[in-house]
Each structure stands twice: as structure tokens, then as C-alpha cells.
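Below is one structure, written out as C-alpha cells; comments come after it.
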Amino acid sequence: MSKAKFITLEGSEGAGKTTALKVMKNTLDDWGVPYVLTREPGGEKNAEAIRKLLLHSEHLESKTELLLMFAARNEHLEKVIRPNLAKGIWVVSDRFVDASFAYQGLGRGLAWSTIEYFEEMIVGTTQPDLTLYLDVEPATGLQRAADRSEKDRIEKEDLAFFENIRAGYLKRLEHFPDRIKKINANRDIASVTQQIIDVLEQAREQSLS
Ligand code: Z5A
């Protein structure tokens, strides 16, 4: 069997990650590959505790937010991502390091080079084989997410913040066009679903299997 793959899903507020994860799960089930679904921040006991702090603290300094994201990521990588990949089990993570560039980088205004420094230290060569980025107009995404009962600390940010998040993701996409595949998430759910299936099938033909 070929090497286990690491696939990540990214997108800003209201992009439709929940639906996308179901589509990814169904596709991997069809392929019959062993996989675990996980998420960031979180995905591991200590990292989930850090997630609570990150999403439900009243206020956090931006640098604290960045450090906690990478602290959680280190636990997640060491205890979940790397061990599973080593056992031949694919890993699908709802968000990973691209989110730190988008949210803490362009969102919070922390230096790109600082995030690259932590990326090298914590992530190293454990980069995803494939990233699906759900690209949605921030106003559309916020409108979709508006009905949610309770917003966490980050979800309470305004439109300008989410415009910057999108710019951050598009910058990462520019740097890693082979790894990151953009999905037009402004379209209806059926179209988004088909785009995800197409990207996964194409990636599988090219290198995933
Ligand atoms: N964060 C960070 O800052 N730095 C980092 O390094 C990392 C994360 C890793 C938690 O993430 C927060 O952590 C996140 C980024 C930050 N903060 N924010 N914002 P999370 O992934 O757990 O939480 P989330 O971003 O809020 O995602 P979500 O709620 O799981 O997914 P979503 O894409 O925003 O929403 P959804 O529930 O999938 O969809 C929203 C609604 O739209 C829902 O009613 C759907 O039925 C509807 N929908 C979905 N697709 C469509 C289409 N195509 N048309 C119409 N309606 C649709």
C-alpha cells in the first residue's frame, strides 16, 4: 500500500467546512483507505484543553493566541498526526498551519516570518499532501454563519477581519499552488460537493494513491 496521506481542510467563517468534511469522509470510505478525522485547534486531549482557552477566553493577546495555536499543534502532531501516518493511517484535519498564517498573520497582523519560524520549528516536514481551501466571499460566509446560536471569541470579529483572513489564505495559495486547491464555496452545496469530489479524484489519480 502506498504511504498514508495527510489532507487538510481550510476556509474562513461560514465557508461550509462541515458539509465538506462529510463529502471527504464519504469519498475516503469509497476508496477504502484507513483514516482518522481530526481538527485544529484540538484533536488531542491537551490540545482540546488549549482550544477551550483559545475560543472561550474573554480576551487574548495576539501573540498569546499564536503561541497557543502552535502549542496545541505540537501536541496534535506528536500524539495524533505523526503516529497515525507512521502506522499507514491517513489523517484528515479540519484546519492546520495555513489557518495560523491567515488568522494570526493577516488577521491579527503578526509578522509572516514569525509564523514561518514556528512552522519550521513545530511542523517541520509534516506538511499536508493536499489542502482543500473553501474560498467564500466574507460577507456571504458571515451571512451564512449569522444564524448560529453562540459565536466563539474569534467568530465575533467583523467583516474587515474576515477580508484579511481570505487575503491570508490566498497568499498561502500563491505560495503553494500544487498543494492547496481552491474550491469556489460561494456556489450552492451541490456544486461545492462536486468540486470537492473532483479535486480528491484528481489528486488521487496524480499522486494520492
Ligand atoms: N484558528 C486560528 O485562528 N488559527 C489556527 O491556526 C487554527 C484555527 C487552526 C476554530 O475553528 C477557530 O480557530 C476558527 C479559526 C481559528 N475561528 N473562526 N472563525 P473551527 O474550524 O472549529 O470553527 P469555524 O471556523 O467556526 O468552522 P465551522 O463552524 O466548523 O465551519 P464553517 O465552514 O464556518 O461553517 P458550517 O457550519 O460548515 O457552515 C455554515 C452554514 O452555512 C451552515 O448553516 C451550512 O448549512 C451553510 N452552508 C454551508 N455551505 C453552504 C453553501 N454552499 N451554500 C449555502 N449555505 C451553505
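The values are calculated or read from the model by the stated rules, or taken from the named source; none is laboratory data. Everything numeric here is computed off the predicted structure, so don't read it as measured data. For neighbour counting, all protein chains shown are included, and Cβ atoms are generated from backbone atoms with ideal geometry for every residue, glycine included.
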With respect to LEU9, is the statement that it is touching a residue at least 60 places away in the same chain (Cβ under 8 Å), within 11 Å of the ligand (Cβ to nearest atom) and in a strand (DSSP E or B) true?
yes
Tell me whether region 35-58 contains one or more residues that are modelled with pLDDT under 95, more than 16 Å from the chain's Cα centre (by Cα), among the acidic types (Asp, Glu) and under 27 Å from LYS156 (Cα atoms).
yes
Can you find even one residue in region 93-114 that is in a helix (DSSP H, G or I) and either modelled with pLDDT under 95 or among the basic types (Lys, Arg) (or both)?
no
Picking from LYS63, LYS79, which residue would you name as being without any contact (Cβ under 8 Å) to a residue 40 or more places away in the chain and either more than 8 Å from the ligand (Cβ to nearest atom) or of a type in the set (Lys, Arg) (or both)?
LYS79
Going through ARG144, ARG153, ARG166 one at a time, which residue ends up being in contact with a helix residue (DSSP H, G or I) (Cβ under 7 Å, 6 or more places away or on another chain), part of a helix (DSSP H, G or I), surrounded by 14 or more Cβ atoms within 10 Å (Cβ to Cβ) and among the charged types (D, E, K, R)?
ARG166
Evaluate the following for LEU200: is it in a helix (DSSP H, G or I) and buried (at least 17 other Cβ atoms within 10 Å of the Cβ)?
yes
Counting only residues that are assigned to a helix (DSSP H, G or I) and more than 20 Å from the chain's Cα centre (by Cα), which one in region 173-197 is surrounded by the most Cβ atoms within 10 Å (Cβ to Cβ)?
SER191
